[in-house]
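Before any comments, here is the structure.
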């Protein structure tokens with residue numbers, strides 16, 4: 001059931017240990033499910049309970065510790081020996097008396113790592129304040145180091161196999177976008193469009209199935225286009241509505257997000273104009289994306305392109321993307337914004353999403369791209385013209401809808 | 001856009017403040033998205049960045065603080081005055097230099113709450129170790145109190161309106177289960193069944209649309225039935241496979257989970273037998289579920305019912321359920337297990353899921369129920385006989401499949 005060759009996992013582990021050495025970390029406690037997956041292969045929806053992958057700088061294999069009922073899943077999906085899979089009894093779950101980190105601290109002490117320099121992912125969803133305080137209390141002889149994003153930074157340059165998975169995710173994104181657009185008309189509700197999108201996201205293609213994306217499809221409609229993270233309601237679409245679709249196909253936990261804006265029937269001049277400005281900005285940025293360029297130069301290209309139209313964007317323009325679990329598909333490393341001095345390298349991948357949100361409307365258009373020696377390789381192939389659908393039952397097959 | 005009457009939100013706030021007073025908390029910092037929603041109405045997929053609802057014991061309205069781009073969404077979905085919606089600039093997001101909790105601590109100090117008794121949700125997905133350490137550092141005159149699950153315990157007894165939403169979720173669960181079962185045959189892949197399930201989950205009914213569930217549908221198949229949290233692959237179903245479906249419909253973030261086990265073609269005697277044992281156990285437990293009963297008595301009823309067959313279950317049998325966000329639909333309060341002395345009250349709701357997992361197989365069957373004066377009211381109506389489908393193209397319309 002391994003998703004990558006075992007040599008690839010070992011290569012990742014090697015790079016992780018090199019970073020650990022550099023940051024003075026002897027034992028790394030990994031709680032980010034994407035980082036756990038990246039190094040071990042572990043893949044299950046069990047991150048709602050405490051679990052951990054322990055990387056010791058002087059041991060050839062990590063140790064997985066999770067809940068007893070998830071042990072079989074860890075044995076099935078990871079490359080490590082079965083004796084490196086350990087589990088805590090169920091009474092530790094959702095208890096006010098016991099905490100899984102007590103169990104983990106005891107294991108660390110028993111195997112002789114209780115007094116080492118321990119790296120923890122301090123700012124990560126699945127490492128709670130209580131988890132940290134429990135480790136501090138149970139491991140008084142350890143010293144703790146903030147290792148947030150240590151593994152995330154290893155992940156930023158993808159292998160060819162990872163990129164292949166992202167291209168597959170991109171194929172799924174295109175299909176889901178098309179299904180969503182075709183489901184938008186005045187006879188349908190927002191959730192009907194979301195259902196059509198979800199069906200394609202999971203069905204995938206004849207050759208490969210889709211995985212669940214780390215963020216649900218967003219379909220803000222009408223006034224709600226002014227707020228990017230509202231999910232769907234069961235209101236019917238109305239003629240004249242603008243609708244934003246932001247979604248991502250997913251394959252083996254790898255993503256290729258894509259956003260477009262749709263007008264239900266005749267588009268306002270304002271929306272047409274905004275779409276042109278964003279389109280032009282995207283083209284200008286993509287032209288600049290080459291190895292050796294600082295990430296902030298892409299922001300500069302955007303600013304140059306759009307300021308002549310009086311557009312100012314407060315929020316970042318995008319972020320590194322790839323492997324992830326809910327609640328985010330972003331990698332939490334480099335961002336496309338002023339001040340980010342990350343140098344573009346081949347096989348890095350980004351979701352470039354220069355969304356604009358105003359008082360009562362907004363627009364989103366995005367591209368996921370890989371940095372190659374030839375420039376930006378897009379992970380999806382979808383027209384950037386404003387998408388105008390017929391408000392009645394079936395959208396015309398006009399521009400924007402690739403069939 | 002409010003999901004409940006404003007009076008209901010104010011009633012919830014009142015109950016929360018009563019608990020705060022009892023626990024000596026003057027200011028409660030809420031980061032659990034379900035608790036934020038419960039008290040304010042806020043509903044958006046923005047919990048992947050830091051955000052907070054602040055309840056002050058002596059102020060009539062909470063304060064929402066989140067990311068600038070989510071401010072419009074907060075204004076649209078909450079009942080509070082616009083001046084109680086505040087936001088931090090985008091440079092705080094995914095930064096190694098700035099942390100949103102710095103901003104929040106400054107606000108707390110400015111409005112005179114920097115030196116009070118502050119409750120924090122210590123063991124919660126969206127309150128990271130770093131978030132806590134930042135608050136400790138920036139609010140040296142505050143005293144911090146662990147208020148994990150303070151609001152969750154208020155949520156355990158539902159209002160009639162909440163139960164109505166859970167019944168709607170139950171209707172969606174039934175439809176999705178049926179769609180999943182009908183999609184299981186040797187001409188389909190696991191992801192095809194997941195796609196069919198997702199479509200129904202989001203489409204909902206003609207009267208109301210579905211919301212996204214907080215956990216994806218689980219479809220462990222064959223040997224993977226030994227591990228409850230493996231998600232789907234794109235392998236084809238095979239004749240003789242056992243398949244577990246665990247899913248939940250969702251309406252306005254309220255859930256009604258449901259699990260069943262299916263045999264693709266003729267079922268093994270072992271699976272038939274296990275299904276009977278679990279079925280009998282469930283009946284015996286549901287009969288005991290009445291106001292005034294301790295939760296651990298339900299576990300006792302299960303143990304009595306199943307030990308004569310040599311069955312021992314290590315893990316808990318279920319948990320309180322209702323409103324939630326990814327990654328969990330459980331409420332993180334009461335569990336159906338030995339030692340849980342929660343007394344059943346009318347309008348409490350539970351997901352009772354006595355799953356059994358062995359070395360290379362497993363079985364799951366579950367019911368979501370509400371405690372009423374008449375006993376347990378089921379949120380779904382689905383046969384508990386073992387479901388046997390035809391391995392070829394279309395399942396027979398035999399027992400287990402309600403059409």
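The values are calculated or read from the model by the stated rules, or taken from the named source; none is laboratory data. Values in this document were obtained by computation on a predicted structure and should not be read as measured data. Because the Cβ atoms are built from the backbone with ideal geometry, glycine has one as well, and the counts that use them run over all protein chains shown.
Looking for something touching a strand residue (DSSP E or B) at 6+ places or on another chain (Cβ under 7 Å), within 14 Å of chain B (Cβ to nearest Cβ) and not in a strand (DSSP E or B) - is there at least one such residue anywhere in the range A:371-391?
Checked against the condition, which is being touching a strand residue (DSSP E or B) at 6+ places or on another chain (Cβ under 7 Å), within 14 Å of chain B (Cβ to nearest Cβ) and not in a strand (DSSP E or B), the range A:371-391 yields no hits at all.
Answer with yes or no whether residue B:221 is farther than 21 Å from residue A:253 by Cβ, more than 8 Å from chain A (Cβ to nearest Cβ) and either at pLDDT below 95 or in contact with a strand residue (DSSP E or B) (Cβ under 8 Å, 6 or more places away or on another chain) (or both).
no
In contact with a strand residue (DSSP E or B) (Cβ under 8 Å, 6 or more places away or on another chain), more than 12 Å from chain B (Cβ to nearest Cβ) and touching a residue at least 40 places away in the same chain (Cβ under 8 Å): is that true of residue A:100 in this structure?
no
Among the candidates A:48, A:88, A:42, single out the residue that is on the phi < 0 side of the Ramachandran plot and free of Cβ contacts under 8 Å to residues at least 12 places away in the same chain.
A:48
I need the full set of residues from the range B:277-302 which are surrounded by 22 or more Cβ atoms within 10 Å (Cβ to Cβ) and in a loop (DSSP other than H, G, I, E, B), in order please.
The one that is surrounded by 22 or more Cβ atoms within 10 Å (Cβ to Cβ) and in a loop (DSSP other than H, G, I, E, B): B:289.
Touching a helix residue (DSSP H, G or I) at 6+ places or on another chain (Cβ under 7 Å) and farther than 21 Å from residue A:329 by Cβ: does that describe residue A:226?
For residue A:226, the condition - touching a helix residue (DSSP H, G or I) at 6+ places or on another chain (Cβ under 7 Å) and farther than 21 Å from residue A:329 by Cβ - is met.
State which residue is surrounded by the most Cβ atoms within 10 Å (Cβ to Cβ) when the search covers only the range B:303-319 and only residues that are outside any loop (DSSP other than H, G, I, E, B) and within 14 Å of another protein chain (Cβ to nearest Cβ).
The selected residue is B:318.
Restricting attention to the range B:240-272, which residues are more than 11 Å from chain A (Cβ to nearest Cβ), touching a strand residue (DSSP E or B) at 6+ places or on another chain (Cβ under 6 Å) and assigned to a loop (DSSP other than H, G, I, E, B)?
B:241, B:267 - these are the residues of the range B:240-272 that are more than 11 Å from chain A (Cβ to nearest Cβ), touching a strand residue (DSSP E or B) at 6+ places or on another chain (Cβ under 6 Å) and assigned to a loop (DSSP other than H, G, I, E, B).
(1) modelled with pLDDT of 95 or more; (2) in contact with a strand residue (DSSP E or B) (Cβ under 8 Å, 6 or more places away or on another chain): which one isn't true of residue A:304, the others all being true?
The failed condition is (2).
Residues to consider are B:194, B:129; find the one that is facing chain A (nearest Cβ under 7 Å), more than 30 Å from residue A:201 (Cβ to Cβ) and surrounded by 23 or more Cβ atoms within 10 Å (Cβ to Cβ).
One residue alone meets the criteria, B:129.
Given the criteria modelled with pLDDT of 95 or more, over 22 Å from residue A:362 (Cα atoms), within 14 Å of chain A (Cβ to nearest Cβ) and part of a loop (DSSP other than H, G, I, E, B), does residue B:42 qualify?
It is false that residue B:42 is modelled with pLDDT of 95 or more, over 22 Å from residue A:362 (Cα atoms), within 14 Å of chain A (Cβ to nearest Cβ) and part of a loop (DSSP other than H, G, I, E, B).
Here are some conditions: (1) touching a residue at least 40 places away in the same chain (Cβ under 8 Å); (2) crowded, with 22+ Cβ neighbours inside 10 Å; (3) not in a strand (DSSP E or B). Residue A:4 meets all but one. Which one does it not meet?
Residue A:4 satisfies every listed condition except (2).
Listed residues A:93, A:55, A:120; which is in contact with a helix residue (DSSP H, G or I) (Cβ under 7 Å, 6 or more places away or on another chain), crowded, with 22+ Cβ neighbours inside 10 Å and at the interface with chain B (Cβ under 9 Å from one of its Cβ atoms)?
A:120
Taking only the range B:7-39 into account, find how many residues are part of a helix (DSSP H, G or I) and within 14 Å of another protein chain (Cβ to nearest Cβ).
5
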